[in-house]
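The values are calculated or read from the model by the stated rules, or taken from the named source; none is laboratory data. Remember, it's a predicted structure, so these values are computed and weren't measured experimentally. Quick reminder, even Gly has a Cβ in these numbers, built from the backbone with ideal geometry, and neighbours come from all protein chains shown.
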């Protein structure tokens with residue numbers, strides 16, 4: 001997250017999604033490849049409006065200003081809107097000794113339609129189109145072991161499931177010292193279940209995540225896309241966008257863009 005962000009101002013929204021049908025007892029469960037961040041660069045750029053440490057975002061001199069889409073939310077719902085993005089050097093209240101130093105980067109966006117809605121997310125270089133977006137914005141929902149989220153997307157429903165490091169979801173069997181595993185579950189038409197692991201990390205922390213930030217259909221293919229905030233190490237966090245349209249054959253999602261930031 002940037003030093004000052006619109007994410008912290010959002011309230012939880014209802015999902016409107018019913019329970020995910022359970023697979024039949026004898027139905028196959030397909031364990032898919034983890035949606036880990038590949039060694040190669042991700043296809044897109046992702047930013048948020050706000051103030052960043054200088055090493056968290058691209059150099060303002062080389063940052064593209066055109067071709068961005070802003071995810072915005074107003075009284076009419078969510079939409080992707082064409083936007084122009086600008087970045088300038090700015091005083092970093094955490095790292096700079098005084099106002100004369102400007103090691104920070106202030107990122108801002110102007111919507112092409114002239115709307116006054118604040119951009120929540122800025123995306124560049126991804127297979128997305130301007131227009132309405134369906135989804136939920138639960139505003140930093142903590143992903144702790146045993147939690148489940150029924151998500152929009154997919155003809156038969158999709159669920160985000162968090163287990164402990166041993167795969168347990170039963171509160172009486174969860175080992176709080178084993179870490180957590182985050183996976184996406186989707187029921188297939190044959191009655192089976194497809195499972196793709198998204199992340200493994202230490203136990204969830206209300207102050208450090210991981211969090212579900214957004215879920216819905218961002219790329220317009222009718223399947224579930226996700227925005228997660230993952231705790232990387234120490235006070236570093238990673239906001240990662242996973243898109244279904246970029247998934248390899250048979251997979252559910254693939255990392256599309258990410259933003260690594262450092263806390264205070």
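Results for (1) in contact with a strand residue (DSSP E or B) (Cβ under 9 Å, 6 or more places away or on another chain); (2) at pLDDT below 90; (3) at positive phi, shown as yes or no for each residue.
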site	(1), (2), (3)
211	yes, yes, no
216	yes, no, yes
221	yes, no, no
227	yes, no, no
230	yes, yes, no
234	yes, yes, yes
240	yes, no, no
246	yes, no, no
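Looking only at residues in region 69-99 that are touching a residue at least 60 places away in the same chain (Cβ under 8 Å) and surrounded by 15 or more Cβ atoms within 10 Å (Cβ to Cβ), the one that is nearest to residue 136 (Cα to Cα) is 78. Is it the case that some residue within region 148-166 is on the phi < 0 side of the Ramachandran plot, part of a loop (DSSP other than H, G, I, E, B), surrounded by 17 or more Cβ atoms within 10 Å (Cβ to Cβ) and more than 24 Å from the chain's Cα centre (by Cα)? No; the residues of region 148-166 include none that is on the phi < 0 side of the Ramachandran plot, part of a loop (DSSP other than H, G, I, E, B), surrounded by 17 or more Cβ atoms within 10 Å (Cβ to Cβ) and more than 24 Å from the chain's Cα centre (by Cα). Answer yes if at least one residue in region 187-197 is in a strand (DSSP E or B) and under 30 Å from residue 75 (Cα atoms), and no otherwise. There is no residue in region 187-197 that is in a strand (DSSP E or B) and under 30 Å from residue 75 (Cα atoms). Among the residues of region 47-75, those that are within 19 Å of residue 131 (Cα to Cα), at pLDDT below 90 and either in a strand (DSSP E or B) or in contact with a strand residue (DSSP E or B) (Cβ under 8 Å, 6 or more places away or on another chain) (or both) comprise 73, 74.
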